[in-house]
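Contents: one structure, followed by commentary.
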DNA sequence: CACGCTATGTTTACAGTGCTAACACAGCAT
DNA sequence: ATGCTGTGTTAGCACTGTAAACATAGCGTG
C-alpha cells in the first residue's frame, strides 16, 4: 500500500494488514468495526471474512497480540521481583499498560472468552503463570494460588477503575504513585 | 400492562416501565438494545427517546439503580466491618453481586463515564465513600486513601477476572472462598 | 364549552453494523 | 489450455441508534 501500488487483484498478505490497521485504529481510539477496518485497509467490506470467521475472531487475534505485549512489558528490564516493592512496580507496569492502550486492554478483558482451546486462553494463562511465579517468588510461604489471585486482582481492578474513570482522573505519575501506595499498603498492613 | 389493558393512547408511566423491562432483560441476559426494550414494553421503536436522550442515558439510569442495589447488598446485615475477616466478607459480597448480575455490573463499570454532574457519578462516589469508611474503620492508622483504592481495586479486579472467565470457572461457594482467601492473604502477608 | 398548547407516542427515513450468498478473477497444478 | 482453489467483490438481509415529521390525548385557559 505504501510504496508500491498493488498491481495485483490479490492483496498479498491481507490478514497481517488487517491486524495491523485494526491495532492502529484501536490505539487511535477510532471506532472499531470490521467494516471500518476493511475500509481503512482499502478493501471491500466483506473481505476480512476470508481471514477471520467473524468479528470476535479478529478481536481474539488482537487480544493475543495484546497479551504478548503486556507480558513483554512486565518482563522487560527486570527479572522476577525480589521484594514487595518490586511487586509494586509490576502492578504499576500493568496499570500503565492498561492506561496507555485502553481500547486494546478492553478487547483483552472485556469478553467472557470461554473459548476452550483457543490460543487466546493460552496467552491469558501465560500471564496468570507469570504473576503467580512473581508472587510466589516474593512470598514463598504464603498460599501461592490465593496470593496470585489477589495480586492479579488488585492490579487488574486498579487498572479497570482508572480506565473507567471511577477513580479521579490524574496524571500518569500520580496514577503510578497511587498504585504503588495501594500495593505497598495492602502488603504491609497485616497489623 | 398487567391487569388493565391500556385504554389510553398514552402509557401512563413509560419511563418507569422502560427502566424495569430493561433491567429485566439485563438480568435475563437477553441482548439489550433500545429497540428491543421498546418492543418488549409494547411501544414503538423510538418512543424511549421521549424519556431518554439516547442509549447511554438509559444505561446510566440503570447503572444508578445498580449502584444503589450494590450499596444495599454491602450494607445489609452488617454494620461497618470491624476486622479483616469482616472486610473479606465485604469483598465476597461485592464479587457475588457482580457474578449474580453480570450484565448490570458491566453497565455500571464498562464505560468511561466522565459525565460531570451526573447522578451516576454521585452514586459511584457513594460506593467509594462506603469502602473508604470500611477500610479506615478497620485500619485507622494506614493511609486511608491508598487503602481504599487497594480494597476496592482488589474486590473489583477479582470480580472482573471471574466475570471474564480469566480465573477458572467455579461454583459460587468456591469463588467466595477464593475471594476470602485472597483478601485475607494479602492483608496478612506483610511478613 | 371551544380552542390550542404541550407532552407523549407513531411513522418514516437514513446511515452504519455484522454476516451470508452469489459472483469474479488470479494464479497454480494438471 | 484448462479448470480448481484461494481470495477478493457486489448485493442483500436483519438489525442497530438516531433524527424529523406527524398525530393524538388531555390539560389549562379564553
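The values are calculated or read from the model by the stated rules, or taken from the named source; none is laboratory data. What you see is a predicted model, and the numbers here were worked out from it, not measured in a lab. Cβ placement follows ideal geometry from the backbone for every residue including glycine, while neighbour counts extend to all protein chains displayed.
Do the conditions hold for residue A:8, that is, is it modelled with pLDDT of 95 or more and outside any helix (DSSP H, G or I)? So residue A:8 fails the test.
Scan segment A:168-191 for residues that are facing chain B (nearest Cβ under 7 Å), at pLDDT 90 or above and either crowded, with 21+ Cβ neighbours inside 10 Å or under 18 Å from the mean Cα position of the chain (by Cα) (or both) and jot them down. Listed by number, the list holds a single entry, A:178. Whether a residue is at the interface with another protein chain (Cβ under 8 Å from one of its Cβ atoms) and modelled with pLDDT of 95 or more was assessed, and residue B:165 does not pass this test.
The criterion of being assigned to a loop (DSSP other than H, G, I, E, B) and away from chain B (no Cβ under 14 Å) does not hold for residue A:68. Is it the case, given these coordinates, that residue B:95 is at pLDDT 90 or above and more than 10 Å from chain A (Cβ to nearest Cβ)? No; evaluated as a whole, the condition is false for this residue. Number of residues in segment A:137-154 that are within 7 Å of chain B (Cβ to nearest Cβ) and buried (at least 22 other Cβ atoms within 10 Å of the Cβ) equals 6. In this structure, residue B:50 does not qualify as surrounded by fewer than 19 Cβ atoms within 10 Å (Cβ to Cβ), near DNA strand C (Cβ under 10 Å from one of its atoms) and under 29 Å from residue B:99 (Cα atoms). Determine which member of the set B:45, B:81 is within 13 Å of DNA strand D (Cβ to nearest atom) and not in a helix (DSSP H, G or I). The match here is B:45.
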